[in-house]
Amino acid sequence: MDYSYIQQAIAQLEAAATELKNMVDHVPPEQAKILQVREVEEKIRNTLAHIEAAINPPSLEHLPPDVLERAQALKIPLGDVEVQMAMVSHDLSQVMAILTEMENRAQTIRRRREYFLVRLPDMPIEVLGSRLPVYTAADFQAPPEPVSKEVRDQLKAKYGIDRLIMEKSVRSRATLFDQIKQAKQTLEHPSPQDE
């Protein structure tokens, strides 16, 4: 357990309690400001994040570097324990979605840290990467199965492969050239039947 987080949490709790005590002691109820109470509430929320960090220290190592760069570009304080705990405890797709939303609305967002922390849980969890299965050439290759001699003999008999092989060997290049010569002769010397 990391006592430095606990010490920070104790200091923040003492500061929040002192602020509330001063408000109660010195400010009449009709002049009390809700904003001051909200600031103390935020400090207490930050204190709870420090206590959670003491139990389970946050590590941003699992986040891709481009996501961290985008967060820094948006001036989100990555050193803040509450921000770290939020990034660690939510899905990567949610973090990417809130960063994209903040990039699109960067000019209208004043308190970026608070916006990030409030909107992050509202982001939907999406499946990252391709939604289609990835096929490679290996997926389309059937494993070579040896064909038995009986099956080969059946196929040869069914399709007459032996006869085709014999006909192919009879027909050679020489017979093809003879047919071409005969066609040329027929064109040069037409027979009386063709006229």
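What to note about this one:
- Whenever a residue of region 59-74 is modelled with pLDDT under 95, its partners that are of a type in the set (G, A, S) and surrounded by fewer than 16 Cβ atoms within 10 Å (Cβ to Cβ), lying with C-beta atoms within less than 8 angstrom and at least six residues away or across chains, give the pairs L74/A106.
- All told, E30 falls short of being modelled with pLDDT of 90 or more and not basic (K, R).
- Within region 33-46, the set of residues being surrounded by 14 or more Cβ atoms within 10 Å (Cβ to Cβ), modelled with pLDDT of 85 or more and over 38 Å from the mean Cα position of the chain (by Cα) comprises V40 only.
- A single member of A183, A174 is assigned to a helix (DSSP H, G or I), among the hydrophobic types (A, V, I, L, M, F, W, C) and either in contact with a helix residue (DSSP H, G or I) (Cβ under 9 Å, 6 or more places away or on another chain) or modelled with pLDDT of 70 or more (or both), and it is A183.
- Taken together, M102, M123, M85, M96 contain a single residue that is farther than 22 Å from E61 by Cβ, of a type outside the set (S, T, Y) and buried (at least 18 other Cβ atoms within 10 Å of the Cβ), which is M102.
- Residues that are under 11 Å from L74 (Cβ atoms) and either in a helix (DSSP H, G or I) or not assigned by the TED database to the domain that holds P77 (or both) within region 105-115 comprise R112, R113, Y115, listed in sequence order.
- Residue in region 154-163 that is farther than 30 Å from K43 by Cβ and either touching a Lys or Arg at 6+ places or on another chain (Cβ under 7 Å) or exposed (fewer than 10 other Cβ atoms within 10 Å of the Cβ) (or both) present: yes
- Residue match in region 60-82 (condition: farther than 27 Å from N104 by Cβ and loosely packed, with under 13 Cβ neighbours inside 10 Å): yes
The values are calculated or read from the model by the stated rules, or taken from the named source; none is laboratory data. All values derive from a computational prediction rather than experimental measurement. Every residue, glycine among them, receives a Cβ derived from its backbone with ideal geometry; neighbour counts consider all protein chains shown.
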